[in-house]
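The values are calculated or read from the model by the stated rules, or taken from the named source; none is laboratory data. Note that the structure is a prediction, hence the values are computed from the model and not measured. Cβ placement follows ideal geometry from the backbone for every residue including glycine, while neighbour counts extend to all protein chains displayed. The protein model used for the area step is the full one, side chains on, heavy atoms only, and it has no ligands, DNA or RNA in it. Shrake-Rupley method; radii C 1.70, N 1.55, O 1.52, S 1.80 Å.
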Amino acid sequence: MTSMPDALQNENLRHIVVEALAGQTNVPKERIVCQPNKDKYCNKNNPSVVTPELDEVFYLMRALNARALRDSRTASDEMGRHNFSVTMERFATDIADAIHDRPFTYVEMGPEPVKTTCLIRNLRTNGVRLTGYIGIDINPASEKPMREALAPMMDPFLIHFCFRDFSNLSQSDIHRKEFPSLVTMLGFQEGNEHPDAIVSRLKRIVLPGDLVASEMHVSTQSRRHKLEKFYESAEMKRFSRLAFERMVGTCSSEYAIHTLDIDVGLKSPVPICVTSESFEDPDTGEIVICVTNWCLKFSALQHRVVREAISNLIVIAERRTGDRTVSFQLAEAIADEAGIVDIVEPFVTTLQESAE
């Protein structure tokens, strides 16, 4: 893992994606349009203004998460067990055990009301005391629906938002008073960014006693074919088209999903799912590919390696859905040798990694 700034690492990832896509499709890099990933979620010209497109992006992600929690078949095994909703509820008990009666500030990177409401509700059921909520986002469309979702569970004066690029976060942005923070990443965050960017960011903002809870689509050798299924949904196709229109315009295009293997410094290749819209250049008649999204699909082991690349973060719990495609991971920041932070006895809920 390098010490290169977050933004440069993510720019490096963008170039890697373009190189790999050019190799798979035989379309020259010069005819592949690819903007920085974060640009899909913000208004560069006026970051504080909610546009109809940003509002729709937020609600598309909300709809995806609502269906995942509502449908008992989502991510279940062949017998219908351990679906997404059940696994997330059990993950909440892991977090509650780690919190161990300590008051925490709930920090969400990429606010989304459906999964967050589910998690906070289950944390409260397990006796967790939350001293406040901080939503970190670059899309201002998230504030109003998040406040509405959290209002029944939390004093409105304890709900705060920080609309800032994740790359520019500091410890003061995510900590209130003397309380530790539960930092959650329950969406595309890790998959959208270079792992070195995630490592450097967490090193910068996490203090001893903090917890980091994350969720990722993960890859296995035997279930690799399942990676693309998520991107076949109507919501992801619409998300892709919105990104395309913001980059290129309203001309006709053809949606596609690509699964590539790339090197991001984890010793073994990482699959990455890339969505695109191809269109005909009106001047030359040549086909151009517009990249609309990408998401890394670590193995569960690679996910653990990335987290523990930070010397004072240890993974203390993991849960995977019945079909093995989604991993929930909990890590705790411990003190260095000079520190005095007491942590609870680590517990393990890791399912067998086997040869997957």
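Condition check for ASP210 on (1) over 17 Å from ARG102 (Cα atoms); (2) open to solvent by less than 50 Å² (accessible area, probe 1.4 Å): one failure, at (1). Annotation: of all residues in segment 154-189 being charged (D, E, K, R) and assigned to a loop (DSSP other than H, G, I, E, B), the one that is least open to solvent (accessible area, probe 1.4 Å) is ASP165. Consider segment 68-90 and keep the residues that are of a type in the set (Lys, Arg) and touching a residue at least 24 places away in the same chain (Cβ under 8 Å). The one that is least open to solvent (accessible area, probe 1.4 Å) is ARG90. Listed here are the strands (runs of 3 or more DSSP E) enclosed by segment 238-324 that have at least 2 residues being open to solvent by 40 Å² or more (accessible area, probe 1.4 Å): 254-262, 313-320.
Determine whether segment 196-203 contains at least one residue that is over 17 Å from LYS297 (Cα atoms), surrounded by 15 or more Cβ atoms within 10 Å (Cβ to Cβ) and in contact with a strand residue (DSSP E or B) (Cβ under 8 Å, 6 or more places away or on another chain). Within segment 196-203 (the criterion being over 17 Å from LYS297 (Cα atoms), surrounded by 15 or more Cβ atoms within 10 Å (Cβ to Cβ) and in contact with a strand residue (DSSP E or B) (Cβ under 8 Å, 6 or more places away or on another chain)), the answer is yes, since at least one residue qualifies. Residues in segment 61-100 that are among the polar types (S, T, N, Q), part of a helix (DSSP H, G or I) and more than 19 Å from the chain's Cα centre (by Cα): THR93 only. CYS42 fulfils the conditions (1) within 21 Å of the chain's Cα centre (by Cα); (2) within 24 Å of GLU11 (Cβ to Cβ); (3) surrounded by fewer than 17 Cβ atoms within 10 Å (Cβ to Cβ) except for a single criterion, (3).
Go through segment 102-112 and report how many residues are buried (at least 21 other Cβ atoms within 10 Å of the Cβ) and either in contact with a helix residue (DSSP H, G or I) (Cβ under 7 Å, 6 or more places away or on another chain) or basic (Lys, Arg) (or both). The qualifying residues number 7.
Of the residues in segment 190-199, at least one is in a loop (DSSP other than H, G, I, E, B) and in contact (Cβ under 8 Å) with a residue 12 or more places away in the chain.
Just wondering, is there one or more residues in segment 164-177 that are at pLDDT 95 or above, touching a helix residue (DSSP H, G or I) at 6+ places or on another chain (Cβ under 7 Å) and within 20 Å of ALA331 (Cα to Cα)?
In the first step, residues of segment 164-177 are kept if they are at pLDDT 95 or above; the result is none.
So far as segment 164-177 goes, no, none of its residues is at pLDDT 95 or above, touching a helix residue (DSSP H, G or I) at 6+ places or on another chain (Cβ under 7 Å) and within 20 Å of ALA331 (Cα to Cα).
Only one of VAL27, VAL49 is hydrophobic (A, V, I, L, M, F, W, C), part of a loop (DSSP other than H, G, I, E, B) and open to solvent by 30 Å² or more (accessible area, probe 1.4 Å). Can you tell me which? Full working, then the answer.
On the way: VAL27 fails: open to solvent by 30 Å² or more (accessible area, probe 1.4 Å).
Checking each option against the conditions leaves just VAL49.
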